[in-house]
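In what follows, a structure is listed as structure tokens, so that the remarks can point back to it.
The values are calculated or read from the model by the stated rules, or taken from the named source; none is laboratory data. Computed from a prediction, not measured in an experiment: that's the story for all the values here. Cβ coordinates were reconstructed from backbone atoms using ideal geometry, including for glycine residues, and neighbour counts include every protein chain displayed. Heads up: the accessible areas ignore ligands, DNA and RNA and are worked out on the full protein's heavy atoms, side chains in. Shrake-Rupley method; radii C 1.70, N 1.55, O 1.52, S 1.80 Å.
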Amino acid sequence: QVQLVESGGGLVQPGGSLRLSCAASGLIFRIDIMAWYRQAPGKQRELVATITRDGSTNYAVSEKGRITISRDNTKSTVYLEMSSLKPEDTAVYYCNAGVIQGPDRSYLDAWGRGTLVTVSS
């Protein structure tokens, strides 16, 4: 079984910074694209950023300049660094990964359970 576990969420003041991590574990042959999504209270889940295995990134237009997605393939981990945080960034942040599972090479669209980020003074 493959698991994604997010960490790094919490309470942060407006204007502050935060770094989220998501580690994958289990029977993994390879992880292709990895992504962060978020779901604010009362809203639909939305894409924040994606990163391919070779490091190519894509950001939601509204987030460019304030966030950076990165990954460490040796650790099967993806990161999300956020700065200049605003109250409207308050959400549950979810990790998503396209996983080629071992040993049968089946594809899994894996999701973590989320980590809550609250931006408030």
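Within the range 54-71, identify whether any single residue is touching a Cys at 6+ places or on another chain (Cβ under 6 Å) and modelled with pLDDT of 95 or more, and answer yes or no. No, because not a single residue in the range 54-71 is touching a Cys at 6+ places or on another chain (Cβ under 6 Å) and modelled with pLDDT of 95 or more. Close Cβ contacts (under 7 Å, 6 or more residues apart or on different chains) running from residues in the range 94-109 that are touching a residue at least 12 places away in the same chain (Cβ under 8 Å) and closer than 23 Å to residue 21 by Cβ to residues that are among the acidic types (Asp, Glu) and surrounded by fewer than 16 Cβ atoms within 10 Å (Cβ to Cβ) comprise 98/32; 98/109; 100/32.
I need the full set of residues from the range 51-93 which are free of Cβ contacts under 8 Å to residues at least 24 places away in the same chain, assigned to a strand (DSSP E or B) and closer than 28 Å to residue 120 by Cβ, in order please. Listed by number, the residues that qualify are 59, 67, 68, 70. Just to be sure I understand, how many residues within the range 12-38 are open to solvent by 60 Å² or more (accessible area, probe 1.4 Å) and closer than 11 Å to residue 115 by Cα? Qualifying residue count for the region: 0. Of all residues in the range 59-104, which are exposed (fewer than 14 other Cβ atoms within 10 Å of the Cβ) and either closer than 14 Å to residue 24 by Cα or within 13 Å of the chain's Cα centre (by Cα) (or both)? Passing the criteria: 72, 73, 74, 75, 102.
A search for C-beta distances below 6 Å between a residue of the range 6-35 that is in a strand (DSSP E or B) and any residue that is of a type in the set (Ser, Thr, Tyr) and open to solvent by 40 Å² or more (accessible area, probe 1.4 Å), counting only pairs 6+ apart in sequence or on different chains, returns 11/118; 21/7; 33/52. Scanning the range 63-106 for residues that are of a type in the set (Lys, Arg) and at positive phi turns up just one, 105.
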